[in-house]
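The values are calculated or read from the model by the stated rules, or taken from the named source; none is laboratory data. Remember, predicted model here, so these are calculated numbers, not experimental data. Quick reminder, even Gly has a Cβ in these numbers, built from the backbone with ideal geometry, and neighbours come from all protein chains shown.
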Amino acid sequence: MESFIFEHDGELIIGNIMNEVENVDPKIFLTEFYAKSLYPAIKCMFLKVGISNEEFCVSYANKQSALEISKSESLEIPENIKKILQEEHSKKEQVALLHGIEISDGQLEAAFLFAGKCGYSFSNYRYEKPENRYEYVPPFIYLKDDNSVESVGPTQLSDGQLKDIVLSSNFIIARILDNGTHWHSFFQTRRGVMGKESGKYGTQSHLHYISDAFGISREDFVKEIKSGHYHNTPVHILLTDSKKSSDTQSNNA
């Protein structure tokens, strides 16, 4: 897991990027990921009240992570997502089942955990367009709703250049569920999360879905993602609580 931690205006800013993994148990991996994500904030919180016991901080982070996972497991997920994970369907049937589906970030995680109970492994792949045009790019850049820009860390770049970095950035995050016979992928792109794609749902924040039924092998799909491309799919699943993470650019040099 990649993390960046720094202070800004008296506040601690912590960012975590999920590392690439292949064919892991969804619950075990997500529990460990949350524990590691929570640990820096928990350590900082206890240091402020004079508690510096490392073992205690790790234990507390593990307990909080387990609570978060338990909360996710209790969430309801769309029945049609359960169907595509549990039943045999053609591409046409999968497209029809997922038409008009809406899902929250929490429900998406719940779907991964549900898939784990159904015998699926979890994989995570990420592509991020490298920024090679500018030097001294700060580790954190944020484009606000009023179109102003804020950055943290030393830089000689103008606000216009910082804004250009955010607006021209691109990423693809693909999560694959695989039971050895079939695989399903829910993947996000910057333009998709921002609602800046064409099509019926393209102007709303969404993620994409594809599976082995679409006529592409898992191996070829992963190669596409790693090269910054993705296979065309008509399935757009609306995100109901997207935080528009693409408005933020983090650089972990």
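Condition (residue is among the small types (G, A, S), in contact (Cβ under 8 Å) with a residue 12 or more places away in the chain, in a helix (DSSP H, G or I) and in contact with a Phe, Trp or Tyr (Cβ under 9 Å, 6 or more places away or on another chain)) applied to the stretch 30-50: is it met by at least one residue?
no
Confirm whether Q161 is farther than 27 Å from K223 by Cβ, among the polar types (S, T, N, Q), touching a residue at least 24 places away in the same chain (Cβ under 8 Å) and not assigned by TED's automatic domain parsing to the domain that holds R190. Steps first, please.
Working: farther than 27 Å from K223 by Cβ: yes; among the polar types (S, T, N, Q): yes; touching a residue at least 24 places away in the same chain (Cβ under 8 Å): yes; not assigned by TED's automatic domain parsing to the domain that holds R190: yes.
Criteria met by Q161.
Mind checking whether some residue in the stretch 160-167 is surrounded by 16 or more Cβ atoms within 10 Å (Cβ to Cβ), within 22 Å of N80 (Cα to Cα) and not basic (K, R)?
No; the residues of the stretch 160-167 include none that is surrounded by 16 or more Cβ atoms within 10 Å (Cβ to Cβ), within 22 Å of N80 (Cα to Cα) and not basic (K, R).
Test each condition in (1) closer than 26 Å to R190 by Cα; (2) in the same structural domain as H182 (by TED's automatic domain parsing) for K83 and report the one that comes out false.
(1)
Looking only at the stretch 68-125, which residues are closer than 17 Å to D241 by Cα, among the polar types (S, T, N, Q) and either at pLDDT 95 or above or not in a loop (DSSP other than H, G, I, E, B) (or both)?
If the condition is that a residue be closer than 17 Å to D241 by Cα, among the polar types (S, T, N, Q) and either at pLDDT 95 or above or not in a loop (DSSP other than H, G, I, E, B) (or both), then S72, Q107 are the ones that fit.
Residues that are modelled with pLDDT under 95 and over 28 Å from P138 (Cβ atoms): list the strands (runs of 3 or more DSSP E) wholly contained in the stretch 171-253 that include at least 1 such residues.
Details: elements: 171-178, 183-189, 206-211, 236-239, 248-250.
Ranges flagged: 206-211, 236-239.
For the subset of the stretch 211-226 comprising residues that are more than 14 Å from S123 (Cα to Cα) and in contact (Cβ under 8 Å) with a residue 24 or more places away in the chain, which member is surrounded by the fewest Cβ atoms within 10 Å (Cβ to Cβ)?
G215
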